[in-house]
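Report on one structure; see the data block that follows.
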């Protein structure tokens, strides 16, 4: 992966001065370009200590006649550069001259002063190259009034002389404006089978769009399903980077709604953001949150960490700032945490310099593998001796591959692989219930070289035996069995459990259908008491069932009770 470097560009001042014999720094010709109000301009430029520097007289010449024009003069008595904003610039013939032939020049600290509109400005670091003063662009932009941005992909410094006044949009306006530009992306293999899905979004009305590379990897074909239900063929890929995980694709058609790319300067810690995509195939889903960290490194790639919720299928979606502009591609998240999600900054994506279109199958020719398992949520009983999960794999890789499983709670259920089928395409995983409770089951597909190809996530619930116990049992809940709790609160129910005439030790457990919505905790350890309190702690809005299971030491069910819990927004 490549590391994103935020380059601060600088300006030069052209004035005659004797040059010392030895330089303090080395200045190299810069490969960067300068764009002013959308047009590329040719001018002198150097790199000193990794920063780009542009001549001030070149800049004044290029900005003449714009709202950010300014004059440049040199006061000999005080050896000070003088800038007056708003005044037209008078060229002296030294502007936009051809770059020197030498690739490397000496750079020196300058002793010249600087005045802007008659006020002395200090705190700038500037140098002399061939008798010319060079300043940082962002230092001067604040005083002269232009906006500065940069594209590391095209290596371009961008100046906007007439910044538009942006109005903050509310959530309703964001949804109405942006969701038509975000689409559901269905990926097909060479046999025409749908193998996975993701999200994408348009950058112009002619179908140029962006998604994650991992969404299209292994694809032979793809279709974009728009918010109005139209299905449009994806005809190919322009630019892509597997390591940084982005791709610029072409969707056939025209007249599409498109997103405006926003400046990364709006992606600061605490800034309001919205994520729009198709999590779990649920098209036009919008969530909100904030920038939790604007510079979260993962390897050599910098991400925008956000609390805006994303799920499987959100990959390739849009991260929107409060002005309705896209600033990132929703790309990944940490399953073991809450709302720890990552978006790739748009500054990584080369969407302006588009080469000829490449077929999907050529661009996405990577190691590909999919796991097919019919089961999603498995419910077992302690009566069951075992349960077999059938796993089928579809792999296109020169490397060998293998499957690995992880159990969230191995005390609840045990697992064991059988032997591969003769064609090494399918294998059985045998589950054995160990005790009443819930566990997660994740099956991973890797190459022997360590590349992760696919993963499947399942839940496993083990219920008590269904045999009829001697003496029966009773399980009651004091209060309503329909529970509503605010997102910033909690709720409690007292549970009464009577074992009847059985003399066995009895246990009471709960099983949550969707643990992402609510969490539970007993008020005390259960020790064969008749009464105990159960607390409900909301995690996000929604509804789920919580099932109470009362059973004996020999895993025979005495009674069950299901509570419906709804979490509403907090006050």
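Which FRET efficiency, nearest 0.05, do residue 434 and residue 206 yield, Cβ-Cβ r, R0 51 Å?
Here the calculated transfer efficiency is 0.30.
Give the calculated FRET efficiency between residue 448 and residue 501 to the nearest 0.05, with a Förster radius of 60 Å applied to their Cβ-Cβ distance.
Efficiency at R0 = 60 Å is approximately 0.55.
Normalise the Debye intensity by I(0) for region 171-362, one equal point scatterer per Cα, no solvent, then take log10 at q = 0.15, 0.18 Å⁻¹ and round to two decimals.
-0.79, -1.16
Using the Cα atoms of the chain, I'd like the radius of gyration and the largest Cα-Cα distance, Dmax, both in angstrom.
Rg, Dmax (Cα atoms, Å): 31.5, 107.
Of all DSSP beta bridges located in region 9-160, what percent are antiparallel, nearest 5?
So the antiparallel bridges amount to about 75 percent of the total.
Which log10 I(q)/I(0) values, to two decimals, does region 148-249 give at q = 0.11, 0.23 Å⁻¹ under the Debye formula with one point per Cα?
Log-scaled intensity ratios, in q order: -0.45, -1.21.
Run the numbers for residue 372 and residue 421: contour at 0.36 nm per residue of separation, minus the present Cα-Cα distance, in nm.
That pair, residue 372 and residue 421, stretches by 16.2 nm at full extension.
So what is log10(I(q)/I(0)) for region 368-463 at q = 0.19 1/Å, when the Debye sum runs over its Cα atoms only?
-0.86
Given the C-alpha centroids of region 163-209 and region 508-547, what is the distance between them in whole angstrom?
39 Å
Using a Förster distance of 45 angstrom, determine the FRET efficiency expected from the C-beta separation of residue 352 and residue 400, and round it to 0.05.
0.60
Based on alpha-carbon centroids, what's the gap between region 411-461 and region 276-321 in Å, whole number please?
Centre-to-centre (Cα) distance: 28 Å.
Where a number appears in this text, it was derived from the coordinates with a stated rule and is not lab data. In this text, all values refer to a predicted model and were calculated from it rather than measured experimentally. Glycine gets a Cβ as well: all are built from the backbone with ideal geometry, and neighbour counts include every protein chain shown.
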